Structures are given as C-alpha cells and as structure tokens.
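Every number here is computed from the coordinates shown, using simple stated rules; none is lab data. All values derive from a computational prediction rather than experimental measurement. Cβ coordinates were reconstructed from backbone atoms using ideal geometry, including for glycine residues, and neighbour counts include every protein chain displayed.
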Amino acid sequence: MTDGPATRYARAARTWAPIDWWKLEARAVYERPELRRALAPFAPVEAWRDLAKDVATAWGILLTLSHIAALTLPVLAGGMLLGWLFQRDDLAPVGLTGLLAGIGAVLAGIGLVTEAREPTGTDPRIGRLIGGLHLVPSTLGLLVATLAISLGSADAPLGVVAFIVDVGVGIAYFVLNRGPADSGSDRGRRNLARLERALGELPPTDRARMEADAREAIDVLELRDLVGADDAARAREQRLGLLAMEMAPRTDLATQRR
C-alpha cells in the first residue's frame, strides 16, 4: 500500500466534489512541477492554487508584475496628462508619463513572451482586459501628448514614443487573446502539446509511483463511500495527467482531451 500525497488526501477527505479530482491529481504529480504547470490550463480556477504550489518561477513573477503594471502605470500616465489638459498651468509631463507608459509596455511585453513560451491558460477575456488597460489610457495619452507637442508645451517630446509602443502592446494583447479559450484554438493545441510533452518526459519509475498513488487514492475513496463504484471504475481507466480532466472537465472549454 502506498502512502503518497494523493492517498493521504483521499483519507483525509470528508466529502467529495468534482474539484477534488483536480486537487487529488495535483498531489499525485506534486513532485513534477512542470507537469502541474502543464495541467493548469485545463483546470478550474479553484484548483490553480494546488497546481501552482511551490512552482513559482522568475518568469511567473515578472508576468505578475506585468499584470500589475497593466492595471496601474498606463492608467496613471494617461490620468496625469488628462489632468494637464484641463489645467495647462505648466508644461505637460510627457517625459514622466512616457516613462511610466514605457515601463508598463516593457513588463507587459515580457508577459506576452512568457505566455507564448509557457502558456498558463489565462482566460482570453483577462488578456483582452489587460490589453484595454494599455490601449485606452495610452491612446488618450498619445493624443494629449501630441497636442502638447504641437503647442510647444511638452517638457520631453520624445516621451510620446513610449505611448506609441504601449498602444502597440495593447493591440497585441487583443490580437493574441481573440476568441474563446477552447482546445480547438491555437492556444488549446499548444497547451495539449505541452501536457503531452510533460507526460512523455516522466521517468518510468516516477510514473509508476504516481500512478500507484492515484490508484490507491481511488480505492480509498471507494472504500469510504465518497465516490460510487461506477465513478471509481471510470477513474481507474484514466491515465496519469488526464484523470481530473476526464472526471471533472472545465465547463468553459468547448472540447476536452480524450
């Protein structure tokens, strides 16, 4: 009898809901962070914490910073220039606001590159929201900065370039996050390929140990009457990495891996 993390989770459970299949599988593959990252795009939001535990990377931190910047820096820059537009009691701070917009654009660009290299399954609606938080304020900032430059009232005219770049970043977010998050999209195919690659790279001994842990956990759940015999039998038929996806698929995905 194994005593792996998935089995311990099954023994400790008092009730069982669909989300628990994800939490169980996250524990079964706990020692392989790359596999947990590959599973995350297919998992409900409630399971992301379990799948992401102890797998934070420098790229992930930069991606988080890029999202924070998207919510603050371009909006702050655009707001400062709009404030000047209504007061006009000094030179327009095109240099400072351009710097803020430029920092936001750089961090957001890092986020785009990271998402392309290591998809996290971010909902396209979130991507479009981030794009809007770059596109709208930086477009307004670009218009006001252009006006200030034409009036000779800009402190650092070159700052306008940063607004142009940030507008481009906002457009890129919209282009790369168009359409629904389903497995028939390019994003879905990349996620599936990444999952298959992570599964294929599992050493045989690790795979055997994780599969034994998952099977033992299913036996415990059935023995404790937390899942029925039919569900237990169906769960035993699933291979590692696809257990939760089959037992508790995300409802917002149009198709699922079979």
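With neighbour counts taken as other beta-carbon atoms within 10 Å, the residues I130, I19 rank, fewest first, as I19, I130. In order along the stretch 80-86, the Karplus-derived 3J(HN,Hα) couplings, from 6.51 cos²θ - 1.76 cosθ + 1.60 at θ = phi - 60°, round to 5, 6, 5, x, 5, 4, 8 Hz, and Gly and Pro are given as x.
One chain, two ends: L129 and I171. Fully extended at 0.36 nm per residue, the span grows by 14.0 nm beyond their Cα-Cα distance.
The label point for L99 and the one for L223, both projected 7 Å from the Cα toward the Cβ, are 6.5 nm apart. With each label modelled as a point 7 angstrom along the Cα→C-beta vector, the E31-V136 pair spans 4.9 nm. In sequence order, the stretch 33-41 has phi-based couplings of x, 5, 6, 5, 5, 5, 7, 3, x Hz under the Karplus curve 6.51 cos²θ - 1.76 cosθ + 1.60, θ = phi - 60°, and Gly or Pro positions carry x.
Amide hydrogen proximity for A156: with H placed 1.01 Å from N in the peptide plane, the residues at 5 or more positions away or on another chain lying under 5 Å are V94, G95. Couplings 3J(HN,Hα) for the stretch 218-229, derived from phi with the Karplus relation 6.51 cos²θ - 1.76 cosθ + 1.60 (θ = phi - 60°), are 5, 4, 5, 4, 5, 4, 8, 6, 7, 10, x, 4 Hz, where x marks Gly and Pro.
For G4, no residue has an amide H sitting under 5 Å from its own, ignoring neighbours fewer than 5 places away on the same chain, with H placed 1.01 Å from N.
Hey, fewest Cβ within 10 Å first, where do W22, W16 land in order?
Values: W22 25, W16 17.
Lowest count first: W16, W22.
Label-to-label distance, A12 versus R239, with points set 7 angstrom from Cα along the beta-carbon direction: 3.0 nm. Computed extension gain for L158 through Q87, at 0.36 nm per residue and net of the alpha carbon distance, reaches 23.4 nm. Please list, in order, the residues from the stretch 1-37 whose amide nitrogen is less than 19 Å from a point placed 7 Å along the Cα→Cβ vector of D231. Under cut-off, by backbone N: 6-28.
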